[in-house]
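Below is one structure, written out as structure tokens; comments come after it.
The values are calculated or read from the model by the stated rules, or taken from the named source; none is laboratory data. In this text the structure is predicted, and so the values were computed from the model without any measurement. A quick note on method: Cβ atoms are made from the backbone with ideal geometry, for glycine too, and the neighbour counts reach across all protein chains shown.
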């Protein structure tokens, strides 16, 4: 305990770090206040029934989780940061697939600014499209009763404008956290939205177990222990690396010797991060769109894809996560480029010829460690469904795995890594007595989530 208190004192003693923490908390508080403001033309006192219905829908429930509840309560920040995330993912894939964008990305700082600016423009388009769909959703049964009749002629236009401005404001907050605060701003906003629902979910789960007779509280404690074990496993997955030894040839320039040292090339077990789960969820949600039609014959098919605890859903979802893990890893990880960089810098893997043999060697290692990482990622993705089948409430089961838990663990590790870097630079002890905190050092240069 004394060690922990001393660490907190050391963190607060660093003026720059203290300022970044305060700025980050201020921006996060601003975001949370914005999520409590209801859209114009809606009576907030009539939203309770609609909020309860939206949290049961798989797709809308996921949006509501990332938005910290702002989606279900029809807030001015209802769409949150998700349109920006969608635009960033699209631009990230395009920079991999389109050679012209690859050239722009390789232009350095100027290229990065161009891509970021194009991402912002695309965010506006995506937000306006999603805002239009959200207006139609608010006119559905449940929310329609909360609409103020006198405001109906202006509701659609004002809502689209307000939601677009709200998303741009959240995007601006994320960029300011990135520049003046601590950690990745976009990731922190998503994490805050997810954590905002944790206290309520815990209370609901505790109440549900407390009302049960026959060891309900013991079951609740066992659930918490399993949750901690899952988090520990995720930390191992996020930080797990395979170190490939690399030697550098000696170079003598003047009277000084350069190179000759043995280093390691860290290859992450989960290089794809949370992207495979996001892609798999996006495709699994597509069949649920049929539920908005009158195709009664498709009810059974839709039920499979809308129920996360369904056995067929979990099997199909797991296969898709494994497949997308290999696909996304192949897109962002280029063994040939790494081999060329090593050769250019007079580096080589012991016992392997430079050039294509090195690329083949690194690629083979990557394939071997990606398979167990992909399987573990698939297990994490379907854990909420297993938890729900075992009697955990739907809201609390989302914290047992999936996108939410992966994002939270990754963001916390990133933030702790930055704090530890500040402590070590000021010659303080790190956050841990042994080992070092490793963040999600992704290959991509675009916004990570």
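Close Cβ contacts (under 9 Å, 6 or more residues apart or on different chains) running from residues in segment 393-418 that are at positive phi and surrounded by 21 or more Cβ atoms within 10 Å (Cβ to Cβ) to residues that are part of a loop (DSSP other than H, G, I, E, B) and modelled with pLDDT under 80 comprise 402/308.
The residues listed here are 176, 209; of these, the one that is part of a helix (DSSP H, G or I), surrounded by 14 or more Cβ atoms within 10 Å (Cβ to Cβ) and without any contact (Cβ under 8 Å) to a residue 24 or more places away in the chain is 209. The listed residues are 228, 188, and the only one of them that is closer than 29 Å to residue 373 by Cα, surrounded by fewer than 16 Cβ atoms within 10 Å (Cβ to Cβ) and modelled with pLDDT of 85 or more turns out to be 228. Listed conditions (1) in contact with a strand residue (DSSP E or B) (Cβ under 8 Å, 6 or more places away or on another chain); (2) part of a helix (DSSP H, G or I) are all met by residue 318, apart from (1). Those helices (runs of 4 or more DSSP H) of segment 1-119 in which 3 or more residues are closer than 30 Å to residue 204 by Cβ and modelled with pLDDT of 80 or more occupy 15-34, 82-97.
The set of residues in segment 322-365 being in contact (Cβ under 8 Å) with a residue 60 or more places away in the chain, more than 26 Å from the chain's Cα centre (by Cα) and outside any helix (DSSP H, G or I) consists of 345, 346, 347, 348, 349, 350. A single member of 183, 142, 166 is outside any helix (DSSP H, G or I) and more than 30 Å from residue 420 (Cβ to Cβ), and it is 142. Check segment 136-148 and report whether any residue there is under 21 Å from residue 37 (Cβ atoms), without any contact (Cβ under 8 Å) to a residue 60 or more places away in the chain and over 26 Å from the mean Cα position of the chain (by Cα). Checking segment 136-148: at least one residue is under 21 Å from residue 37 (Cβ atoms), without any contact (Cβ under 8 Å) to a residue 60 or more places away in the chain and over 26 Å from the mean Cα position of the chain (by Cα). Residues in segment 14-26 that are more than 18 Å from residue 178 (Cβ to Cβ) and in contact (Cβ under 8 Å) with a residue 60 or more places away in the chain: 14 only. Only residues that are without any contact (Cβ under 8 Å) to a residue 40 or more places away in the chain and surrounded by 15 or more Cβ atoms within 10 Å (Cβ to Cβ) were counted in segment 308-321, giving 1.
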